[in-house]
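Heads up, the thing below is written out as structure tokens.
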Amino acid sequence: MGQRHTIAVFPGDGIGVEVIREAVKVLDALAVKTGAGFDLEYGLIGGAAYDACGDPFPAESLEMALAADAVLLGAVGGPKWEGLDYGVRPERALLGLREKLNLFANLRPVNVYDELIAASPLKPEIVQGIDILIIRELTGDVYFGRPRGIRVENGRRIGVNTMVYTEEEIRRIARVAFAAARQRRKRLLSVDKANVLESAQLWRDVVTETGREYPDVELRHMYVDNCAMQLISRPAQFDVIVTTNMFGDILSDEAAMIAGSIGMLPSASLGERGGMYEPIHGAAPDIAGRDLANPLATILSVAMMLRHSLAMPREAAAVEAAVRQVLRDGYRTKDIHHEGAILVGAAAMGDAVAARLLSIG
Ligand code: NAD
């Protein structure tokens with residue numbers, strides 16, 4: 001009998017519920033295959049929680065998340081809750097989880113599977129073999145810096161935000177990035193705007209200093225504007241990219257599009273302990289409840305959870321291999337479908353991945 005792991009599962013709203021169902025099928029198959037034990041604790045967040053108790057992030061859900069080895073999340077939001085006050089909007093739950101679990105590192109791998117090259121808006125020769133890991137700092141920078149606000153001075157309005165990083169904040173995200181690069185092709189690119197911003201100069205200095213602890217990893221620096229261009233013109237040069245909260249927000253969405261469908265991209269948010277795993281997409285109210293969602297982003301998020309929070313790298317690789325095999329076998333949900341492929345819904349896609357997981361060595 002393997003070790004037991006407690007996972008707090010928050011399906012959330014819209015297709016969140018559907019993709020989590022498929023991810024759980026894959027966890028169940030893994031338990032059968034390996035004897036590992038997963039204790040799933042289901043909780044409410046987002047619009048579903050607001051409807052049940054008037055709070056998108058109830059105290060019981062926070063307790064569940066704090067007590068678990070990892071958090072697996074679907075998505076939150078939808079038109080039903082759009083008119084609510086900002087303080088009780090479903091999205092508050094995500095910010096609450098990040099804050100309370102102190103999740104300061106957001107990891108977004110961008111892989112272009114050979115089978116899905118046609119789904120990318122870029123030319124095949126540019127995207128072939130793309131395997132990038134973007135690491136975004138998640139709890140600092142201009143999104144949280146003070147002072148902030150809009151004030152009136154001499155009869156005119158002035159908007160202020162403060163871009164600020166402490167060296168401790170930079171060092172801890174840099175260490176996550178160097179450690180990740182060490183597990184991969186040992187190349188780290190740090191992205192900043194040190195030519196005009198002092199906080200970015202400190203970022204560059206501290207990342208460089210931290211690099212001395214990782215002499216086996218090759219460190220390069222690039223300005224964010226240049227990186228935005230190069231992600232489209234020559235994405236194959238990148239291995240691990242580490243950057244600040246705001247630059248990471250923008251660059252990670254740009255990089256996500258290289259892969260073609262938002263339904264393929266997983267993510268991990270890591271803190272000092274524990275982690276939260278979710279697809280990068282939202283609740284997709286336009287397709288919710290119709291078995292049209294692509295569950296692969298969530299299934300690949302499970303693989304990240306196995307690797308980063310549950311110390312199960314072999315099992316993570318097995319889940320990723322099962323996803324690859326399903327794509328090789330021609331199964332496609334509507335968002336990645338092309339002529340000649342086998343069109344399936346979310347449930348059949350989940351079944352196919354679970355079946356491959358059980359059958360491959
Ligand atoms: P979205 O990601 O939900 O959807 C964008 C488009 O991508 C839609 O056309 C949708 O059908 C499609 N799509 C998304 N995921 C898909 C999947 N797995 N398979 C196939 N197609 C998929 O973004 P949106 O429409 O801007 O937002 C909808 C709601 O979700 C809003 O309330 C928003 O606030 C919320 N949202 C939540 C999260 C989150 O929970 N992390 C993230 C983004 C948006």
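Restricting the search to the stretch 161-175, which residues are assigned to a loop (DSSP other than H, G, I, E, B), open to solvent by 40 Å² or more (accessible area, probe 1.4 Å) and either of a type in the set (Asp, Glu) or touching a residue at least 24 places away in the same chain (Cβ under 8 Å) (or both)?
First pass over the stretch 161-175, keeping only residues assigned to a loop (DSSP other than H, G, I, E, B): 161-166.
Then keep just the ones that are open to solvent by 40 Å² or more (accessible area, probe 1.4 Å); that gives 161, 163-164, 166.
Within the stretch 161-175, MET163, VAL164, THR166 qualify.
GLU91 falls short on exactly one of the conditions (1) within 14 Å of the ligand (Cβ to nearest atom); (2) at pLDDT below 95; (3) over 23 Å from LEU300 (Cα atoms), and that condition is (3).
The criterion of being part of a helix (DSSP H, G or I) and under 24 Å from VAL176 (Cβ atoms) does not hold for GLY263. Annotation for the stretch 105-126: at least one member residue is basic (Lys, Arg) and under 26 Å from GLN325 (Cβ atoms).
Taking the conditions exactly as written (under 30 Å from ALA119 (Cβ atoms), surrounded by 14 or more Cβ atoms within 10 Å (Cβ to Cβ) and of a type in the set (A, V, I, L, M)), does ILE135 satisfy them or not? Criteria met by ILE135. All conditions in (1) away from the ligand (no atom under 16 Å from the Cβ); (2) surrounded by 14 or more Cβ atoms within 10 Å (Cβ to Cβ) hold for MET229, with the sole exception of (2). May I ask you to say which residue of SER269, SER261 is over 22 Å from VAL191 (Cα atoms) and within 16 Å of the ligand (Cβ to nearest atom)? One residue alone meets the criteria, SER261. Which one is nearest to the ligand (Cβ to nearest atom), of the residues in the stretch 272-305 that are farther than 20 Å from GLY43 by Cα and assigned to a helix (DSSP H, G or I)? Going through the qualifying residues, I end up with ALA297.
Conditions tested, residue by residue: (1) of a type in the set (Gly, Ala, Ser); (2) modelled with pLDDT under 95; (3) away from the ligand (no atom under 16 Å from the Cβ).
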{"residue": "ARG4", "(1), (2), (3)": "no, yes, yes"}
{"residue": "ARG21", "(1), (2), (3)": "no, no, no"}
{"residue": "ALA31", "(1), (2), (3)": "yes, no, yes"}
{"residue": "LEU40", "(1), (2), (3)": "no, no, yes"}
{"residue": "SER61", "(1), (2), (3)": "yes, no, no"}
{"residue": "ASP69", "(1), (2), (3)": "no, no, yes"}
{"residue": "VAL76", "(1), (2), (3)": "no, no, no"}
{"residue": "ASP85", "(1), (2), (3)": "no, yes, no"}
{"residue": "ARG98", "(1), (2), (3)": "no, yes, no"}
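For GLY340, the criteria (1) modelled with pLDDT of 95 or more; (2) surrounded by fewer than 16 Cβ atoms within 10 Å (Cβ to Cβ) hold in every case but one, which is (1).
Please note which strands (runs of 3 or more DSSP E) are completely contained in the stretch 18-112 and include at least 1 residues that are open to solvent by less than 10 Å² (accessible area, probe 1.4 Å) and over 21 Å from ARG307 (Cα atoms). Show your work before the answer.
Numbers: elements: 37-42, 70-75, 105-111.
By residue number, 70-75.
Remark: VAL9 falls outside the filter, which requires a residue to be open to solvent by less than 50 Å² (accessible area, probe 1.4 Å) and in a helix (DSSP H, G or I).
Check the stretch 262-270 and report whether any residue there is surrounded by 20 or more Cβ atoms within 10 Å (Cβ to Cβ) and touching an Asp or Glu at 6+ places or on another chain (Cβ under 7 Å). Yes, some residue in the stretch 262-270 is surrounded by 20 or more Cβ atoms within 10 Å (Cβ to Cβ) and touching an Asp or Glu at 6+ places or on another chain (Cβ under 7 Å). Every listed requirement among (1) within 23 Å of VAL110 (Cβ to Cβ); (2) open to solvent by 60 Å² or more (accessible area, probe 1.4 Å); (3) aromatic (Phe, Trp, Tyr) is met by PHE144 save one, (1).
Check whether at least one residue in the stretch 237-247 is among the charged types (D, E, K, R) and either open to solvent by 40 Å² or more (accessible area, probe 1.4 Å) or part of a strand (DSSP E or B) (or both), and report yes or no. First the steps, then the outcome.
At the first step, the residues of the stretch 237-247 found to be among the charged types (D, E, K, R) are 239.
Right, trim to either open to solvent by 40 Å² or more (accessible area, probe 1.4 Å) or part of a strand (DSSP E or B) (or both) and you get none.
Among the residues of the stretch 237-247, not one is among the charged types (D, E, K, R) and either open to solvent by 40 Å² or more (accessible area, probe 1.4 Å) or part of a strand (DSSP E or B) (or both), which makes the answer no.
Determine, yes or no, whether ALA52 is away from the ligand (no atom under 12 Å from the Cβ), of a type outside the set (Ser, Thr, Tyr), modelled with pLDDT of 95 or more and touching a strand residue (DSSP E or B) at 6+ places or on another chain (Cβ under 6 Å).
Working: away from the ligand (no atom under 12 Å from the Cβ): yes; of a type outside the set (Ser, Thr, Tyr): yes; modelled with pLDDT of 95 or more: yes; touching a strand residue (DSSP E or B) at 6+ places or on another chain (Cβ under 6 Å): no.
No; evaluated as a whole, the condition is false for this residue.
Scanning the stretch 306-328 for residues that are in a loop (DSSP other than H, G, I, E, B), surrounded by fewer than 22 Cβ atoms within 10 Å (Cβ to Cβ) and either free of Cβ contacts under 8 Å to residues at least 24 places away in the same chain or of a type in the set (Gly, Ala, Ser) (or both) returns a single hit, ALA311. With respect to (1) in contact with a strand residue (DSSP E or B) (Cβ under 7 Å, 6 or more places away or on another chain); (2) within 13 Å of ARG108 (Cα to Cα); (3) modelled with pLDDT under 95, the lone exception for GLY274 is condition (2).
The values are calculated or read from the model by the stated rules, or taken from the named source; none is laboratory data. Computed from a prediction, not measured in an experiment: that's the story for all the values here. Neighbour counts are summed over all protein chains in view; Cβ atoms, including those assigned to glycine, are modelled from backbone coordinates with ideal geometry. With ligands, DNA and RNA removed, areas are computed over all heavy atoms of the protein, side chains included. Shrake-Rupley method; radii C 1.70, N 1.55, O 1.52, S 1.80 Å.
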